[in-house]
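Participant: The following block contains the structure, expressed as structure tokens.
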Amino acid sequence: MTTRLVQRHPLSRRFPAAPSRPVVVHAQLDGGGRRVTLRGEQAGIARSVTDVVEMLRCAGVDLDAEEAAASPLIEWRGGGPQAWSA
């Protein structure tokens, strides 16, 4: 019998009881930017994917912009990672 070890993402370890994706980038706000929550807690307002990456870095998750855009840990509401107001 072979045992497989599954490496979990650091954010998954930090927030083990996440019922769904632990990071949510919400729809654009009227004043610009998008609210970001980590496990339901407000992390800040992002004005670009770079801001999302920085918020994740502060939470202990090291992703670049391309990884964040494709990460299964992030739910993009009201538009994907390319939807930012000018």
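Read-outs throughout are calculated quantities, based only on the coordinates presented, and are distinct from any laboratory measurement. For clarity, every value in this text was computed on a predicted model and none was experimentally measured. A quick note on method: Cβ atoms are made from the backbone with ideal geometry, for glycine too, and the neighbour counts reach across all protein chains shown.
Participant: Compactness ratio of the stretch 20-76: Cα Rg over 2.2 N^0.38 Å, N = residue count? Intermediate results must be reported in sequence, preceding the final value.
Facilitator: Details: Rg = 10.2 Å, N = 57, 2.2 N^0.38 = 10.2 Å.
After normalising by residue count via 2.2 N^0.38 Å, the value is 1.00.
Participant: Within the stretch 20-76, what percent of beta bridges assigned by DSSP are antiparallel, to the nearest 5? Before the final figure, lay out each step's value.
Facilitator: On the way: 9 of 12 bridges.
Roughly 75 percent of the DSSP beta bridges within the stretch 20-76 come out antiparallel.
Participant: Hey, another quick one. By average Cβ neighbour count within 10 Å, what is the ranking of 26-36, 43-53 from highest down? Present the calculation step by step, with values, prior to reporting the outcome.
Facilitator: Values: 26-36: 14.5, 43-53: 17.5.
The peptides rank, most packed first, as 43-53, 26-36.
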